[in-house]
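Student: Below: one structure in structure tokens.
Taken together, the values in this text are just the output of simple stated rules run on the coordinates, not laboratory data. Note that the structure is predicted; figures quoted are calculated from it, not measured. Methodologically, a virtual Cβ is constructed for each residue, glycine included, from the backbone with ideal geometry; neighbour enumeration extends over all protein chains shown.
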Amino acid sequence: MKFLHTSDWHLGRQFHNVSLLDDQKAILEQIIEYLASSPVDALVIAGDIYDRSVPPTAAIELMNQFVRRVCGELAVPIILIPGNHDGAERLGFGSEQMKNAGLHILSNFSDMLTPVELDTDVGKVRFYGMPYNDPELVRHHFKQPVATHDEAHQLLCRTIVETFESDAKNVLLCHCFVDGAIESESERPLSIGGSDRVSHEHFTPFDYVALGHLHQPQKKGEDYIRYSGSLMKYSFSEQHQKKGMTLVEMDEAGFHTATHIDLIAPHEMRIIEGELDEIIAQGKTDPKSHDYLLVRLMDKHAILNPMEKLRAVYPNVLHLEKPGMLIGVEQQMSAAKLARSEVDMFRDFFCEAQDSELSDAQEKAITDIVKQLSEQ
């Protein structure tokens, strides 16, 4: 039995005011091509289908076309849950009618306890969907003293496990931050101060846990507790990450293997560093000059219209940093500080440490001390 685990599609996302919809369309086309050539029992999406709770019309249309081709033409069921970017109620609208077409949207706590059941070559496999939630929602719904994300997920997992059937394999879809996992810049925090972390131990009763929210593919705690990662790169901090989906294979005993399947976006996210002339020369022969770029200029002097010059060879420079200029300024500041008197430097230190200025009497005392020391 095989299924594809994906998450964090973020359809409709913009990056530095550039729409990524065409790149996302190309990625979804690769998924369809894979499904057409390598049949699976299901496609799983572990949250954040859209980038906003009210997605743009073009993003909804892209998803509609994808569902039509996958569920309709290829007859592959899609099982999904909302993430923290999705509007759960909107996403779940009409879900009862969509089940017959092969689209299973598990968007609330009632759906969570009604798994999608598939009869496969390894027996019955049940897919449970735990939609994105926060402690307040769980506390209100279950009337339990839940204060943290960890306590909420512990309660929800325990509630699901009570519905297990002995002759079935159990797969969980969940959108959360497992404690100790690696995050990226492009993820929206679920809470402040680390209170959103969830222990992986709550998930151990399941045969496989399809996680969403974190954009880097990774496993946590056990081989069968995994993040597939986002379909494509959504920040420059992800430039070295391999993006794609996870092919999960199960046997009679439960989880068997998980294999990463690469998905290649038309435009990569890259960081280029160097002086302007070097970067322009490189761009003239760069076969991937249309990638989305963050450029760090190391020139220590001011340059007129650097973005215009860069975009002549790299049209998709999205962000420009000038650390070279900062280095030059810091060196000038350091030299200026060395030329200042000991009294000036002590005055700065006192102001920083005490958050107040030296009084006239204090400054006179320091001046006298410095003078005495210099005469010794």
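Student: Report, in listed order, any pair from Lys242/Lys322; Lys243/Lys322; Lys220/Lys300 with a Cα-Cα distance greater than 32 Å.
Tutor: Lys220/Lys300
Student: May I ask you to work out the translational diffusion coefficient for the chain at 37 °C, viscosity 0.692 mPa s, via Stokes-Einstein with Rh from the Kirkwood sum over Cα pairs, reported in whole µm²/s? Please report the intermediate quantities before stating the final value.
Tutor: Details: Rh = 24.0 Å.
Translational diffusion coefficient: 137 µm²/s.
Student: I want the antiparallel fraction of DSSP beta bridges within the chain, as a percent rounded to 5. Intermediate results must be reported in sequence, preceding the final value.
Tutor: Details: 22 of 61 bridges.
Of the beta bridges lying entirely in the chain, close to 35 percent run antiparallel.
Student: Once phi is turned into ³J(HN,Hα) by the Karplus curve 6.51 cos²θ - 1.76 cosθ + 1.60 with θ = phi - 60°, what whole-Hz value does each residue of segment 239-256 show in order, with x for glycine and proline?
Tutor: Those phi angles translate into 4, 9, 7, 8, 9, x, 9, 10, 8, 9, 10, 10, 10, 4, 8, x, 5, 10 Hz.
Student: Return one number: the angle in degrees, 0 to 90 and rounded to the nearest 10, between the long axis of the Cα atoms of helix 57-67 and the longest principal axis of the Cα atoms of the chain.
Tutor: Roughly 40 degrees, rounded to the nearest 10.
Student: Moving to a separate point now. Return Lys242, Lys371, Lys143 ranked ascending by Cβ neighbour count within 10 Å, so the fewest neighbours appear first. If you can, show how the numbers build up before the last one.
Tutor: Working: Lys242 14, Lys371 11, Lys143 8.
Ranked by crowding around the Cβ, least crowded first: Lys143, Lys371, Lys242.
Student: A further question on this structure: Would you mind computing, in nm to one decimal, how far apart the modelled labels at Ser166 and Asp121 are, each placed 7 Å from Cα along Cα→Cβ?
Tutor: Each label point lies 7 Å from its Cα, and together they span 2.8 nm.
Student: Given charges of +1 on the Cβ of Lys and Arg and -1 on the Cβ of Asp and Glu, with all other atoms neutral, how large is the dipole of the chain about its Cα centre, in debye to the nearest 20? Provide the component values of the computation, followed by the final result.
Tutor: Numbers: 35 positive and 59 negative charges, 144 e Å.
Dipole magnitude for the chain comes out near 700 debye.
Student: Express the relative contact order of segment 2-262 as a whole percentage, based on alpha carbon pairs under 8 Å and six or more residues apart in sequence.
Tutor: Values: 563 pairs, mean separation 51.7, N = 261.
It rounds to 20 percent for segment 2-262.
Student: So, by mean Cβ neighbours within 10 angstrom, what's the order for 164-177, 268-281 with the highest one leading?
Tutor: Working: 164-177: 20.4, 268-281: 16.3.
Top of the packing list down: 164-177, 268-281.
Student: Can you quote the Å³ per residue value for the convex hull of the Cα atoms in segment 269-326, rounded to an integer?
Tutor: Working: hull volume 3.7 nm³, N = 58.
Measuring per residue, one finds 64 Å³ for the Cα hull of segment 269-326.
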